[in-house]
Amino acid sequence: MLTMTGVGHDYGSVRALVGVDLQLEPGRIIAIVGQSGCGKTTLLHIAAGLLAPTRGRVENRFRRPAYVFQEPRLLPWRTAWQNIAFGLKAQGAPPATQRRVAETLIERLGLAGAADKFPHELSGGMRQRVALGRALAIDPDLLLLDEPFGALDPGLRSGMQRLLLDLLAERRLAALFVTHDLAEAVRMGDELIALSPAPGRVIARVVLGRTPATDADVYVHQTVAAIWPQISAAYPD
Amino acid sequence: MRELGRRGGDGGVRRVEGLVWGLVGLGVCLALWHLVALQYPPWAVPTPLEVAAELVRLAREGALFTAVAITTGRTLAGFGIAVLLGGIAGLVAGLLPPLRQALAPVVTAIQGVPPVALIIVALLWFDANSSAPVFTIALAVLPIIFAAALEGTRAVDRGLIEMAAIFRAPRRLMVTEIYLPHLLSYLFPALVSGLGLAWKVALLAELMAGSRMGMGAGLGAARVNLNVAGVFAWIAVVVLLLLAMENLVLRPLRRRLEPWRRSQEGGGR
């Protein structure tokens, strides 16, 4: 469980984040939505323990957070499977384990045949799947995703969203999913937190009632339409 | 390998085309040389054919191969020392800003010393027939390698470093997985120009030191005997050796060390 109480952060004299409360339970997904520069990445860095907040309290009971960036950030000189195994290698896992875990993930992520290819030989979507594999390989209990599909074509996005939701459900992972796309946030989250423009503060908090039975597209449209007035008020443009 | 096959056709044509034009340029130069040489007596300006004949004579006598072996040994020894010391110093200086600021003026100073002056110092300190050329080469090449290693280390992708830190990679892994592979691609042009410099300095050092053996010694002997064709022959050997080193050793080495680049090469990057 991850609990943030009144968390705020300043970079020097610049306020980035103000009074954020958040509670993430195991297996749940919180989508954080807001425009660029609203402190979303700062919030993720605080959740990952990379940054100590200037104000407020963070209690993190998750033991193994893993991170997916907007860009794949793969090592260009390592093959797909070696990139997936990077986190394991960093932990000192034996090569046989690295290979075995990477192979399982390559299969699951639909990257069959790409194991020995270098990043520049892969498409953008495949690269991002490798980056996702790298995060999953260390068997995390919390996944921190910083606009993971932000650089992908719209056509690829829905497939990746589906894949990620399935993976999170299979492994009962908790996730903080940061995006600037409200529809994506509604599609991915169990709960949605909207941040204002900088300095980021919580302007809307919506518990989403998505179940496997609901028609995803209709639900997303209706929910976005319902929340939109509340959020657009905070963004004059 | 599959990628190589797919792009091979396109890249192959371009490579052959480049080779043809290269040969044309070389041929035109040789022809011009020949025409100019015909205007002068052979002892002043030899024709390419006379130089080739001199090369064959040197090779027959056996002096050529010992000289090449000795000079190559010295060049590679000095070059190796420079790569090792310069590479490590550059990497460490790139990682530690205070050290970088401390070393930068020192290296600039060394770079400012002309190789000829280095040779004279080396002759005072070392044995003219063995260590003096090696020392001179190492000191002349070191700044080039150091500068490239330093810049390479500083130019490492911050995103990758942040990624590795988030995955809690130990420092040792950051060096082997990120800094070294990145450095290698950055270092390669410096290695090529450093090797060329090493060769030139080797000849200079041997010539000035009056070494008994080596290509510099052969060049010196040809000069004393007023054997212009011989001088040209030794120069040709140096050029051929340099080309062979670059194309038969360094480039294959790079392909081996950087398989991830292989399929990019034909793509015109």
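Can you tell me how many residues in the range B:38-84 are surrounded by 15 or more Cβ atoms within 10 Å (Cβ to Cβ) and in a helix (DSSP H, G or I)? Working first, answer last.
Filtering the range B:38-84 for residues surrounded by 15 or more Cβ atoms within 10 Å (Cβ to Cβ) gives B:45-48, B:50-52, B:54-55, B:58, B:63-64, B:67-68, B:70-83.
With in a helix (DSSP H, G or I) added as a condition, the list becomes B:48, B:50-52, B:54-55, B:58, B:63-64, B:67-68, B:70-83.
Qualifying residue count, the range B:38-84: 25.
Looking only at the range A:103-125, filter to residues that are in contact (Cβ under 8 Å) with a residue 40 or more places away in the chain and of a type in the set (A, V, I, L, M); which one of those is farthest from the other protein chains (Cβ to nearest Cβ)?
Step by step, filter the range A:103-125, then rank; the result is A:LEU109.
Counting just the residues of the range B:140-177 that are open to solvent by 50 Å² or more (accessible area, probe 1.4 Å) and more than 14 Å from chain A (Cβ to nearest Cβ), which one comes out farthest from A:HIS45 (Cα to Cα)?
Ranking the candidates gives B:GLU151 first.
Restricting attention to the range A:15-32, report how many residues are open to solvent by 10 Å² or more (accessible area, probe 1.4 Å) and under 25 Å from A:SER232 (Cβ atoms).
Looking only at the range A:15-32, we keep the residues that are open to solvent by 10 Å² or more (accessible area, probe 1.4 Å), and these are A:15-16, A:18-19, A:21, A:23, A:25-29.
Narrowing the set further to residues that are under 25 Å from A:SER232 (Cβ atoms) leaves A:15-16, A:18-19, A:21, A:29.
Going through the range A:15-32 one residue at a time, the tally reaches 6.
List the number of the failed condition for A:PRO148; all other conditions in (1) part of a helix (DSSP H, G or I); (2) closer than 29 Å to A:GLN23 by Cβ hold.
Condition (1) is where A:PRO148 drops out.
Restricting to the range A:42-58, what's the tally of residues that are touching a residue at least 40 places away in the same chain (Cβ under 8 Å), within 16 Å of the chain's Cα centre (by Cα) and surrounded by fewer than 20 Cβ atoms within 10 Å (Cβ to Cβ)? I'd like the intermediate steps shown before the answer.
Here is the first cut: in the range A:42-58, the residues touching a residue at least 40 places away in the same chain (Cβ under 8 Å) are A:42-44, A:46-48, A:51, A:53-58.
Imposing the further condition that a residue be within 16 Å of the chain's Cα centre (by Cα) reduces the set to A:42-44, A:46-48.
Those left that are additionally surrounded by fewer than 20 Cβ atoms within 10 Å (Cβ to Cβ): A:48.
Qualifying residue count, the range A:42-58: 1.
Answer yes or no as to whether A:ARG64 is charged (D, E, K, R), within 14 Å of chain B (Cβ to nearest Cβ) and surrounded by 18 or more Cβ atoms within 10 Å (Cβ to Cβ).
Details: charged (D, E, K, R): yes; within 14 Å of chain B (Cβ to nearest Cβ): yes; surrounded by 18 or more Cβ atoms within 10 Å (Cβ to Cβ): no.
Answer is no for this residue.
Among the residues of the range A:136-148, is there at least one that is surrounded by fewer than 19 Cβ atoms within 10 Å (Cβ to Cβ) and more than 14 Å from every other protein chain (Cβ to nearest Cβ)?
From the range A:136-148, those surrounded by fewer than 19 Cβ atoms within 10 Å (Cβ to Cβ) are A:139, A:141; that's our starting set.
Add one more test, that the residue is more than 14 Å from every other protein chain (Cβ to nearest Cβ), and what stays is A:141.
Yes; the residues of the range A:136-148 include at least one that is surrounded by fewer than 19 Cβ atoms within 10 Å (Cβ to Cβ) and more than 14 Å from every other protein chain (Cβ to nearest Cβ).
Yes or no: the range B:211-218 includes at least one residue that is in contact with a helix residue (DSSP H, G or I) (Cβ under 7 Å, 6 or more places away or on another chain) and of a type in the set (D, E, K, R).
So in the range B:211-218, the residues in contact with a helix residue (DSSP H, G or I) (Cβ under 7 Å, 6 or more places away or on another chain) come out as B:211, B:213-218.
From the residues that got through so far, the ones that are of a type in the set (D, E, K, R) too are none.
No.
Using the structure shown, decide if B:VAL201 is surrounded by fewer than 23 Cβ atoms within 10 Å (Cβ to Cβ) and away from chain A (no Cβ under 14 Å). Give the derivation first.
On the way: surrounded by fewer than 23 Cβ atoms within 10 Å (Cβ to Cβ): no; away from chain A (no Cβ under 14 Å): yes.
Judged against the criteria, B:VAL201 is not a match.
Only one residue in B:LEU187, B:LEU180, B:LEU195 is of a type outside the set (D, E, K, R), within 14 Å of chain A (Cβ to nearest Cβ) and open to solvent by less than 30 Å² (accessible area, probe 1.4 Å). Which one?
None of the other options fit; the residue is B:LEU187.
The values are calculated or read from the model by the stated rules, or taken from the named source; none is laboratory data. Just so you know, these numbers come straight off a predicted model, no measurement behind them. Cβ atoms come from the backbone with ideal geometry, glycine included; neighbour counts cover every protein chain shown. Side chains are part of the model used for accessible areas, which takes the heavy atoms of the whole protein and leaves out ligands, DNA and RNA. Shrake-Rupley method; radii C 1.70, N 1.55, O 1.52, S 1.80 Å.
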